[in-house]
Amino acid sequence: MPDLLHPQERDRLLAALRRRLRRAALDGRPLSGLARTEAPGAPLALRDNALAAEAMAIPALREADPGLADTLLHFLTAVAEEPGAPSRAVRPAEAEAAARVEILRDNPADLRVLTPWHEFTGDLAHGLLRQRMRDEPSASGEAAGRRGVLHSGNMARLRAVGGVPGLLGRLSLRARTLDVEDAITAAGVQPEGAGALLWHESALRLRPLPGVSLPIGTLRYEYRVSAADPLLRLTVVLRAGTRAGLAALRLTTAADALSEAEPPFAHASLGRDGGQVPRAEGPFGEDELLAQGPLDSLHLWQSGPAEEALALHLRPRAGEAVFSARLRGREGAPHWLVLRHALPDLAPGGTATLREDRLLARGVAHGTPAAALRLLRDPAALAGRDPGQAGIGAPLAAVAATLLNAPAFAHPIPRDRLGALQDWLDRQVAALPEEEAAALPLEETALLVLALDAAWRLGGLPGDRRRLRALLARLVAAAGPEGPAGADLAGRGAAILALARGGSLIPEPWVLDALRHAVLALDPAALSPPPATRALAAVLRGLRAVEYLAGTGRIPPDAAVLARAAALREASLAALSGRLRAEGDRLEVLAEEGGEADAPSTAALLLAVLSPDEAALSMGMVTA
């Protein structure tokens, strides 16, 4: 498989990657990784670093800069040290040093508070607190409603006990539901230590008869934010009045206007009895009971690309007090989420408190709810980490490619380090979901195929073979006559590569037919206007693997497939050549036409124009 890059161009691309190396710390240990861009405080994304580490597993690139290759491997195995869904990114040291909470507007009716992770805006005088990720563009009005979540929509259900004489007292014995936001009498935004306290307080009154209003207590909602971690800590304090007690107490913690999000929230999971129970996929009902009784956690996340999906994680601090979790839907999407909490009766002047931790994060993967619950229970583990999760497929593919190519390295990896990498790979593969688990995104499935393909070629266990065939079966099911359903161009390119690699291990009609369909379903018109660089590079890499296999006789040559591959290859190369920008001794790669340069685009280009799959594809026939 000939390289399509001159060594001088290769070295200038590596210089661009090196320029984005940033220092960080994780669990008290120093490490370095690639920032996506050169912007101050840009995160060190796990997926970006995995893409670059896979590129650095190409023997020629490792020979050119073995230090960079080792640095990226250390980053991957440190961030994804434990099996399961790893953190989406690490915050660079410069961002950690500058972390603080800023109260930009302290007017409760028009507040604005920034933390290192989130922006809070809203009108506490009406019980509205909107939270969005800092990496979202600022917005107002309807556009703001489509980003983030709204903490609002609370109620209190209770009845008065004693203290009210005569007929009014008997009428007050009935349990009543009160709107918290309609009864707000005070609100505030104030600094609190290294964080901020945002609160509103309601005066609760019963109205047993028209024109009659009886004060029975106050209800205060407090939201605390900190520079130490991204949790939003909610405290609800109910104080009974001095004349009457309160009974049959049900207080709520709610999120409203969820249906305004784009893309919509589409998935849910419930934490109960130490495990996770995913909600069955499908539209949300107009009034849906998610859970009755104690609840450890509740998780909602958006549809769309997993790495960009917004997720809301809730953890009641006294899960045994949860009475129910209900969700009102609107046009099949969740709109109003309400957790009802049962509290003990209060004597006159008594106080009841409930607490809930909330985490808004970007990035979901298989195992995200369980991973998020662990972080909610131990927020210190979030130090230096992005609160979202990423798929393990890209790190697995990078480490597996390193191990597969290791015999060809001019600068060998020490034997003990190779052993540690193999142990890491084995642990992560053992923790992968079983074949019958919920479907994974197409691109993540393709990355896992690459990893297990390499693991099997390295002398894998029978379990690796079973998983590989099962994952290939998922790709085959997706790659119908029209190509992978619902996949973006990057996912379709990844699927073609995975089917080509898998087809060289399993040269059976069901795999080879799917590969043929996947290539022919790609219309050259899809490259005009040219898509993002990473998508172009993924398509080019997959097509080059198909051409290599056909040229060596590893898969049957098909004139239609090869003609389509050649047309797409030339179109991809032409578009990618326009993404290069010379900057001194560096060659930068733009993320899109007219866009900015970034690290993942550079790594993707290197993988597309060099020969990352040659070691796997040129091995003798190994059947799986």
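The values are calculated or read from the model by the stated rules, or taken from the named source; none is laboratory data. For clarity, every value in this text was computed on a predicted model and none was experimentally measured. Positions of Cβ are generated from backbone atoms using ideal geometry, with glycine treated the same way; all protein chains shown enter the neighbour counts. Keep in mind that these areas ignore ligands, DNA and RNA; they rest on the heavy atoms of the full protein, side chains included. Shrake-Rupley method; radii C 1.70, N 1.55, O 1.52, S 1.80 Å.
Are any residues in region 32-57 aliphatic (A, V, I, L, M) and at pLDDT 95 or above, and if so, which ones?
Leu34, Ala35, Leu44, Ala45, Leu46, Ala50, Leu51, Ala52, Ala53, Ala55, Met56, Ala57
As an exercise: evaluate Glu38 against (1) closer than 17 Å to Glu583 by Cβ; (2) among the acidic types (Asp, Glu); (3) in contact with a Ser or Thr (Cβ under 9 Å, 6 or more places away or on another chain) and give the number of the one condition it does not meet.
Exception for Glu38: condition (3).
Determine if region 582-595 includes at least one residue that is in contact with a Gly (Cβ under 8 Å, 6 or more places away or on another chain), under 21 Å from Leu17 (Cα atoms) and not hydroxyl-bearing (Ser, Thr, Tyr).
Scanning region 582-595 turns up at least one residue that is in contact with a Gly (Cβ under 8 Å, 6 or more places away or on another chain), under 21 Å from Leu17 (Cα atoms) and not hydroxyl-bearing (Ser, Thr, Tyr).
Have a look at Ala560, Ala537, Ala521 and point out the one that is buried (at least 16 other Cβ atoms within 10 Å of the Cβ) and either outside the structural domain of Ala57 (by the TED database) or touching a helix residue (DSSP H, G or I) at 6+ places or on another chain (Cβ under 7 Å) (or both).
One residue alone meets the criteria, Ala537.
With the condition kept exactly as written, say whether any residue in region 77-97 is assigned to a helix (DSSP H, G or I), closer than 30 Å to Glu9 by Cα and in contact with a helix residue (DSSP H, G or I) (Cβ under 7 Å, 6 or more places away or on another chain).
Yes, region 77-97 contains at least one residue that is assigned to a helix (DSSP H, G or I), closer than 30 Å to Glu9 by Cα and in contact with a helix residue (DSSP H, G or I) (Cβ under 7 Å, 6 or more places away or on another chain).
Kindly indicate the residue of region 600-620 that is touching a residue at least 40 places away in the same chain (Cβ under 8 Å) and part of a loop (DSSP other than H, G, I, E, B) and also nearest to Thr533 (Cα to Cα) among those meeting that condition.
By that ranking, first place goes to Leu610.
Scan region 540-557 for residues that are surrounded by 14 or more Cβ atoms within 10 Å (Cβ to Cβ) and under 18 Å from Ser618 (Cβ atoms) and jot them down.
Arg541, Gly542, Leu543, Arg544, Ala545, Val546, Glu547, Tyr548, Leu549, Ala550, Arg554, Ile555
Hand me the list of helices (runs of 4 or more DSSP H) wholly inside region 350-433 holding 1 or more residues that are in contact with a strand residue (DSSP E or B) (Cβ under 6 Å, 6 or more places away or on another chain).
368-377
Kindly indicate which of Asp65, Asp48, Asp27 is within 19 Å of the chain's Cα centre (by Cα), assigned by the TED database to the domain that holds Ala410 and of a type in the set (D, E, K, R).
Asp48
Given the criteria in a strand (DSSP E or B), in contact (Cβ under 8 Å) with a residue 24 or more places away in the chain and in the same structural domain as Ala196 (by the TED database), does Leu270 qualify?
For Leu270, the condition - in a strand (DSSP E or B), in contact (Cβ under 8 Å) with a residue 24 or more places away in the chain and in the same structural domain as Ala196 (by the TED database) - is met.
Would you check if Arg554 is at pLDDT below 95 and touching a helix residue (DSSP H, G or I) at 6+ places or on another chain (Cβ under 9 Å)?
Yes: the conditions hold for Arg554.
Output yes when any residue across region 162-176 is over 24 Å from Asp229 (Cα atoms) and either aromatic (Phe, Trp, Tyr) or modelled with pLDDT of 80 or more (or both), and no when none is.
Checked against the condition, which is being over 24 Å from Asp229 (Cα atoms) and either aromatic (Phe, Trp, Tyr) or modelled with pLDDT of 80 or more (or both), region 162-176 yields at least one hit.
Before we move on, is Asp106 among the acidic types (Asp, Glu), closer than 30 Å to Thr185 by Cβ and either open to solvent by less than 50 Å² (accessible area, probe 1.4 Å) or in contact with a strand residue (DSSP E or B) (Cβ under 8 Å, 6 or more places away or on another chain) (or both)?
Judged against the criteria, Asp106 is a match.
Search region 405-423 for residues that are loosely packed, with under 14 Cβ neighbours inside 10 Å and pair each with any residue that is of a type in the set (Asp, Glu) when their beta-carbon atoms are under 8 Å apart and the residues are at least 6 apart or on different chains.
Ala410/Glu63; His411/Glu63
So which residues in region 32-45 are among the aliphatic types (A, V, I, L, M) and either in the same structural domain as Met133 (by the TED database) or surrounded by fewer than 19 Cβ atoms within 10 Å (Cβ to Cβ) (or both)?
Ala39
Scan region 578-598 and give yes if some residue there is at pLDDT 95 or above, open to solvent by less than 50 Å² (accessible area, probe 1.4 Å), of a type in the set (A, V, I, L, M, F, W, C) and in a helix (DSSP H, G or I), otherwise no.
There is no residue in region 578-598 that is at pLDDT 95 or above, open to solvent by less than 50 Å² (accessible area, probe 1.4 Å), of a type in the set (A, V, I, L, M, F, W, C) and in a helix (DSSP H, G or I).
Would region 493-503 turn up any residue that is of a type in the set (D, E, K, R), closer than 30 Å to Asp65 by Cβ and modelled with pLDDT of 90 or more?
Within region 493-503, one or more residues are of a type in the set (D, E, K, R), closer than 30 Å to Asp65 by Cβ and modelled with pLDDT of 90 or more.
I'm checking my understanding of the structure. Among residues of region 273-325 that are assigned to a strand (DSSP E or B) and small (Gly, Ala, Ser), which one is most open to solvent (accessible area, probe 1.4 Å)?
Gly275
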